[in-house]
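The values are calculated or read from the model by the stated rules, or taken from the named source; none is laboratory data. Since the structure is predicted, the reported quantities are computational estimates derived from the model, not experimental observations. Positions of Cβ are generated from backbone atoms using ideal geometry, with glycine treated the same way; all protein chains shown enter the neighbour counts. The protein model used for the area step is the full one, side chains on, heavy atoms only, and it has no ligands, DNA or RNA in it. Shrake-Rupley method; radii C 1.70, N 1.55, O 1.52, S 1.80 Å.
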Amino acid sequence: MVNKPEKVWCVVAAAGIGSRMQSAVPKQYLPLGSSTVLDATLERLLLCEKIEHIVVCIHQNDNYWQHSKFAQDDRISITFGGSERADSVLNSVSLVKEHADLNDWVLVHDAARPCVRCSDINVLINTALKQQVGAILATPIHDTVKKVVNKKSTQTLDRSILWRALTPQIFKLDMLNNALINAIESNRVITDEASAIEQMNQAVQIVKGHADNIKITSPSDLDLARYYLEQQERQVCA
């Protein structure tokens with residue numbers, strides 16, 4: 001029997017309201033150059049030929065997606081988010097399961113990370129498929145990191161073992177599905193998909209990514225994202 005080639009499906013978490021942005025418009029729909037944050041992110045992902053299809057998870061009361069330049073793109077489907085990130089990603093994974101094999105992979109990315117490099121995504125995917133282990137993009141922490149209790153520093157942590165988790169993060173479809181269900185049923189808060197996998201005592205491979213893969217969470221991050229995108233464009237054109 002010939003094994004089917006493993007496919008990589010992509011989930012984009014875009015159901016948040018971005019309260020820290022102090023804007024009436026969700027951060028994923030804020031202007032970024034000639035585009036929006038979400039459209040800029042999708043444009044990057046669509047450049048990656050290894051991705052089979054993209055599922056964008058939006059808020060159930062979203063009135064902005066219909067204006068996206070990708071709203072009618074047949075390479076993209078949408079689903080609706082839940083009360084927490086795990087619920088939203090699980091809803092997206094459930095949609096993927098309708099078309100994928102359980103041996104396929106799911107690549108999860110934040111809508112608010114428009115500066116991700118396609119080269120980093122390709123390295124991440126290649127690493128996961130070659131080693132058959134879930135993997136995440138991450139960057140080492142170079143700052144001195146303090147443990148703080150009641151606004152007082154109580155300990156300096158060993159930064160040599162600390163990494164900043166980024167997205168995308170990629171895991172086997174069946175494993176991610178089970179990990180998310182377990183986290184939800186256990187009422188555990190997860191801030192990324194890797195934390196759900198870790199709670200199942202499964203290994204997560206670290207793949208070093210570029211530090212310019214920032215997550216837009218505050219108004220000043222928009223300016224920084226514009227700068228990084230301009231610098232990346234100059235590097236491509238140089």
Count of residues meeting criterion [in contact with a strand residue (DSSP E or B) (Cβ under 9 Å, 6 or more places away or on another chain), open to solvent by 30 Å² or more (accessible area, probe 1.4 Å) and under 19 Å from A138 (Cβ atoms)] in segment 212-231: 1
Filter result (among the β-branched types (V, I, T) and over 17 Å from the mean Cα position of the chain (by Cα)) within segment 128-174: V133, I141, T144, V145, V148, V149, T154, T156, I161
Selection status of R188, part of a helix (DSSP H, G or I), open to solvent by 70 Å² or more (accessible area, probe 1.4 Å) and out of contact with any Phe, Trp or Tyr (no Cβ under 8 Å at 6 or more places or on another chain): no
Residue that is surrounded by the fewest Cβ atoms within 10 Å (Cβ to Cβ) [pool: residues in segment 55-96 that are of a type in the set (A, V, I, L, M, F, W, C), touching a helix residue (DSSP H, G or I) at 6+ places or on another chain (Cβ under 6 Å) and in a strand (DSSP E or B)]: V55
Count - residues of segment 153-185 that are aliphatic (A, V, I, L, M) and in a loop (DSSP other than H, G, I, E, B): 1
Matching entry among V148, V123, V133, V108 (being in a loop (DSSP other than H, G, I, E, B), β-branched (V, I, T) and either over 25 Å from I78 (Cβ atoms) or at pLDDT 95 or above (or both)): V133
Qualifying residue in segment 40-53 (condition: within 30 Å of Y228 (Cβ to Cβ), β-branched (V, I, T) and either over 16 Å from the mean Cα position of the chain (by Cα) or in a helix (DSSP H, G or I) (or both)): yes
Residue within segment 35-51 that is at pLDDT 95 or above, touching a His at 6+ places or on another chain (Cβ under 9 Å) and surrounded by fewer than 18 Cβ atoms within 10 Å (Cβ to Cβ) present: no
